[in-house]
Amino acid sequence: MVTMRKRGTVPVYIGDDHRRYFVPPEFLSHPLFKMLLEKAYEEYGFEQRGGLLIPCRVSVFQEVMNVVECSHGQFHLDNLINELN
């Protein structure tokens, strides 16, 4: 997970305080990240301006990013799904 802009990354804003992170574009196709994108669509639709806002807690986003970065990592999918719903 990147908090400083690297070339080719996508900015996303997380949580109530809109904390900014930069995500590698290949992460966007991961099933867990797709869940975050679906949640953003359900909450805000496709008409977001000024960056992609994802409505979840920063801790949930960080856990998703850790799983995506370490695709073989262990995590509790049920807990993440409950947090996203």
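The values are calculated or read from the model by the stated rules, or taken from the named source; none is laboratory data. Since we're looking at a predicted model, the values are computed, not measured. Every residue, glycine as well, gets a Cβ built from its backbone with ideal geometry; the counts of neighbours run over all protein chains shown.
Overview of results
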| item | result |
| --- | --- |
| Matching residues, segment 37-54, being out of contact with any Leu (no Cβ under 9 Å at 6 or more places or on another chain) and either at pLDDT 85 or above or among the hydroxyl-bearing types (Ser, Thr, Tyr) (or both) | 41, 42, 53 |
| Per-region count, segment 4-18, residues modelled with pLDDT under 90, loosely packed, with under 10 Cβ neighbours inside 10 Å and within 16 Å of residue 57 (Cα to Cα) | 1 |
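Residue-wise test of (1) surrounded by 10 or more Cβ atoms within 10 Å (Cβ to Cβ); (2) in a helix (DSSP H, G or I); (3) touching a helix residue (DSSP H, G or I) at 6+ places or on another chain (Cβ under 6 Å).
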| residue | (1), (2), (3) |
| --- | --- |
| 20 | yes, no, no |
| 26 | yes, yes, no |
| 35 | yes, yes, yes |
| 40 | yes, yes, no |
| 47 | no, no, no |
| 50 | no, no, no |
